[in-house]
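The values are calculated or read from the model by the stated rules, or taken from the named source; none is laboratory data. Note that the coordinates shown come from a computational prediction; the quantities given were computed from them, not determined experimentally. Every residue, glycine among them, receives a Cβ derived from its backbone with ideal geometry; neighbour counts consider all protein chains shown. For accessibility, only protein heavy atoms count, side chains too; no ligands or nucleic acids. Shrake-Rupley method; radii C 1.70, N 1.55, O 1.52, S 1.80 Å.
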Amino acid sequence: VQLQASGGGLVQAGGSLRLSCAASGRTFSRYGMGWFRQAPGKEREFITGINWSGRDTRYGDSVKGRFTISRDNAKNTLYLQMNSLKPEDTAVYYCAGSLSASYYSEESEYSYWGQGTQVTVSS
């Protein structure tokens, strides 16, 4: 199983980015997925999760109302639309795959991880 995250970059505060996570090697549509991020000197933080169908999602308080998670099971791809970006959103962003149809907020519940993509928001 491989997860390949992409779409990071440098953006000004207030701007937008869309991250993608392409999955290969297993039946993507059966499993819950999540996005995490890790800023320098901080622990990895749960941002959002989505269940297998895309109908059930959850967001961390720090991104609620600004970020949107979605998935295209036909394309085996997970997305994270990030709007109204703030300097404090600067971090390496990781996509993760669980072994069940649900998502989780705990890192330990995810068995597969992408390599991370850097997002930098300038003030």
Qualifying residue in segment 64-72 (condition: hydrophobic (A, V, I, L, M, F, W, C) and without any contact (Cβ under 8 Å) to a residue 40 or more places away in the chain): yes
Just give me the residues in segment 40-73 being outside any strand (DSSP E or B) and polar (S, T, N, Q), in sequence order. 51, 53, 62, 73
Can you find a residue in segment 44-58 that is within 18 Å of residue 121 (Cα to Cα) and small (Gly, Ala, Ser)? no
Could you please let me know if residue 38 is closer than 15 Å to residue 107 by Cα and open to solvent by 40 Å² or more (accessible area, probe 1.4 Å)? yes
Can you pull out the residues in segment 46-63 that are open to solvent by 50 Å² or more (accessible area, probe 1.4 Å) and either β-branched (Val, Ile, Thr) or in contact (Cβ under 8 Å) with a residue 40 or more places away in the chain (or both)? 52, 56, 57, 58
